[in-house]
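Asker: Pasting in a structure now, in structure tokens, and then I'll have a few things to ask.
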Amino acid sequence: MQIIDLRSDTVTKPTLKMRQAMKEAEVGDDGFGEDPTTNRFEKMAAEMVGKEDALFVSSGVMGNLIAIMVYTKPGDGLICDRKAHINTMASGNTAALTGVTICPLDVDELGRFDTEELESYINLEDVRFPKTSLIVLENTNNLAGGTVVTPEETSIVFRIAKKNGLCLHLDGARIFNSAIAQGVEVAELTKDCDSVMFCISKGLASPVGSIIAGTKEFIVEARRKRKMLGGSMRQTGVLATCGIISLEEMIDRLKEDHDNARYLAEGLTRIEGFNINLDTVQTNIIYFKFELPKVSCKKFVEDISKKGVYIVYLERDSGRMVTHKDLNKSDIDCALKAIKNTVSGY
Ligand SMILES: Cc1ncc(COP(=O)(O)O)c(C=O)c1O
């Protein structure tokens, strides 16, 4: 049976070139700062996002956690979107490991804050509430449907943060998708953030890892937190070499994933039961509602998986599909056909 895996872009396999590069990578002990390939990758990553320095970390979750640990102290508060990855899908790590309270705010359908509301939730003086020290933005916004945050929207949030003496961290797990979709340089999206995390293990196809980038001082502290979390590694060049290929060769092709997502989303809207706001389909993520009276979304996701089409069920009537480099347009056609058949069988 052909498998069409639409659960996430994290399922992408490393390219042949990556596998070859892993074999040949020059390595050293990164714990001593002596892995030449990792050093080269970090330098390249910092330059691309317009920051002074960068650090290779094992995952996006770890990168965001490190940033939160650097900017806050126990008892502080941070503001983010209610559905932000750090609030919903990081195993409660902010609460468990930092002592920071998340102040989650609702965003609009395209994932944007009401900036007046955002500012009104910053607390600097009232001793009854956590003292706000950080705002976290997510670009692209995963659970809003992979929507992009523009440079202008980022600037507005940045100005609010600075006016109140706060830091702004960007969860840019898919920041290159955002840059490609908007036709802007990635540095345009990161320039108004104190730090950024991005993943190489999603649409960029590397097997492992993320980057956090910021000022030199931020990275010194981030390195300490990474060590504290057990995330300092050794011959990381075998992974960093893939990251270099991700940054050199895998960014421009993201447009193909975006085109496939739109094609898939448009096809789905022609199938009974699917409710999709096409305005939210801006990158490689499709957030859908499945609204057939007699069949739940959960049951549909189970049934379609038996036909080899894998989709993520989220909650109640909603689910998510993600396009990526290991799926082409004819795979999308097959998925649409299988979905249509399944739905017409209900
Ligand atoms: C927006 C966002 N942030 C962070 C992460 C965490 O990345 P990782 O799976 O590498 O820990 C993800 C993963 O899907 C994500 O979508």
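Asker: Quick one: would you say Ala181 is farther than 19 Å from Ile102 by Cα and in contact with a Phe, Trp or Tyr (Cβ under 7 Å, 6 or more places away or on another chain)? So that I can check it myself, show each step before the final result.
Answerer: Details: farther than 19 Å from Ile102 by Cα: yes; in contact with a Phe, Trp or Tyr (Cβ under 7 Å, 6 or more places away or on another chain): no.
Spelling it out, it is not the case that Ala181 is farther than 19 Å from Ile102 by Cα and in contact with a Phe, Trp or Tyr (Cβ under 7 Å, 6 or more places away or on another chain).
Asker: Which pairs do you get when a residue that is without any contact (Cβ under 8 Å) to a residue 24 or more places away in the chain and closer than 15 Å to Ala54 by Cβ, found in the range 181-207, comes within reach of a residue that is in a loop (DSSP other than H, G, I, E, B) and within 11 Å of the ligand (Cβ to nearest atom), reach meaning Cβ atoms under 9 angstrom, with the pair 6+ apart or on two chains?
Answerer: Here the result reads none, with nothing in the range 181-207 linked to a residue that is in a loop (DSSP other than H, G, I, E, B) and within 11 Å of the ligand (Cβ to nearest atom).
Asker: Those residues that are more than 23 Å from Lys202 (Cβ to Cβ) and touching a residue at least 40 places away in the same chain (Cβ under 8 Å), I need them from the range 293-316; list them, please. Let's see the steps before the verdict.
Answerer: Residues of the range 293-316 more than 23 Å from Lys202 (Cβ to Cβ): 293-300, 302-303, 306-307, 316.
Selection gives Lys294, Val295, Phe300, Lys307.
Asker: OK, next. So in the range 56-84, with the set limited to residues that are crowded, with 22+ Cβ neighbours inside 10 Å, of a type outside the set (Ser, Thr, Tyr) and not in a helix (DSSP H, G or I), which one is farthest from the ligand (Cβ to nearest atom)?
Answerer: Only one residue fits best here, namely Ile79.
Asker: May I ask you to list the residues in the range 178-197 that are of a type in the set (Asp, Glu) and within 14 Å of the ligand (Cβ to nearest atom)? Walk me through it before giving the result.
Answerer: First, pick out the residues of the range 178-197 that are of a type in the set (Asp, Glu): 185, 188, 192, 194.
If the condition is that a residue be of a type in the set (Asp, Glu) and within 14 Å of the ligand (Cβ to nearest atom), then no residue fits.
Asker: From Ile175, Ile200, which residue is touching a Phe, Trp or Tyr at 6+ places or on another chain (Cβ under 6 Å), within 11 Å of the ligand (Cβ to nearest atom), under 20 Å from Ile244 (Cα atoms) and not assigned by TED's automatic domain parsing to the domain that holds Thr283? Give the derivation first.
Answerer: Details: Ile200 fails: touching a Phe, Trp or Tyr at 6+ places or on another chain (Cβ under 6 Å).
Of the residues listed, the single one that is touching a Phe, Trp or Tyr at 6+ places or on another chain (Cβ under 6 Å), within 11 Å of the ligand (Cβ to nearest atom), under 20 Å from Ile244 (Cα atoms) and not assigned by TED's automatic domain parsing to the domain that holds Thr283 is Ile175.
Asker: In the range 45-55, what residues are surrounded by 17 or more Cβ atoms within 10 Å (Cβ to Cβ) and out of contact with any Ser or Thr (no Cβ under 8 Å at 6 or more places or on another chain)?
Answerer: Going through the range 45-55, the residues surrounded by 17 or more Cβ atoms within 10 Å (Cβ to Cβ) turn out to be 45-46, 48-49, 51, 53-55.
Answer for the range 45-55, where residues must be surrounded by 17 or more Cβ atoms within 10 Å (Cβ to Cβ) and out of contact with any Ser or Thr (no Cβ under 8 Å at 6 or more places or on another chain): Ala45, Ala46, Met48, Ala54, Leu55.
Asker: If a residue must be touching a Ser or Thr at 6+ places or on another chain (Cβ under 7 Å), over 17 Å from Asn142 (Cβ atoms) and of a type in the set (Asp, Glu), how many such residues does the range 64-120 contain?
Answerer: Looking only at that region, the number is 1.
Asker: Being hydrophobic (A, V, I, L, M, F, W, C), more than 13 Å from the ligand (Cβ to nearest atom) and part of a loop (DSSP other than H, G, I, E, B) is the filter; apply it to the range 85-116 and report the residue that is nearest to Leu134 (Cα to Cα).
Answerer: Looking only at the range 85-116, we keep the residues that are hydrophobic (A, V, I, L, M, F, W, C), and these are 86, 89-90, 95-97, 100, 102-103, 105, 107, 110, 113.
Keeping just the survivors that are more than 13 Å from the ligand (Cβ to nearest atom) gives 95-97, 100, 102-103, 105, 107, 110, 113.
The next check asks that each one be part of a loop (DSSP other than H, G, I, E, B); those that pass are 100, 107, 110, 113.
Details: Val100: 10, Val107: 17, Leu110: 22, Phe113: 15 Å.
That would be Val100.
Asker: OK, next. How many residues are among the aliphatic types (A, V, I, L, M) and over 30 Å from Val322 (Cα atoms) if we restrict to the range 188-228?
Answerer: Step one: list which residues in the range 188-228 are among the aliphatic types (A, V, I, L, M), which gives 189, 196-197, 200, 204-205, 208, 211-213, 219-220, 222, 228.
Restricting the remaining residues to those that are over 30 Å from Val322 (Cα atoms) gives 219-220, 222, 228.
Residues flagged as among the aliphatic types (A, V, I, L, M) and over 30 Å from Val322 (Cα atoms) within the range 188-228 amount to 4.
Asker: Further question on the same structure: Quick one: in the range 1-40, which of the residues that are within 16 Å of the ligand (Cβ to nearest atom) and not charged (D, E, K, R) is surrounded by the most Cβ atoms within 10 Å (Cβ to Cβ)?
Answerer: If we take residues in the range 1-40 being within 16 Å of the ligand (Cβ to nearest atom) and not charged (D, E, K, R), then Leu6 is surrounded by the most Cβ atoms within 10 Å (Cβ to Cβ).
Asker: Mind listing whichever residues of the range 104-141 are free of Cβ contacts under 8 Å to residues at least 40 places away in the same chain and surrounded by fewer than 20 Cβ atoms within 10 Å (Cβ to Cβ)?
Answerer: Pro104, Leu105, Asp106, Asp108, Asp114, Glu116, Glu117, Ser120, Glu125, Asp126, Val127, Arg128
The values are calculated or read from the model by the stated rules, or taken from the named source; none is laboratory data. Everything numeric here is computed off the predicted structure, so don't read it as measured data. Backbone-built Cβ (ideal geometry, glycine too); neighbour counts: all protein chains shown.
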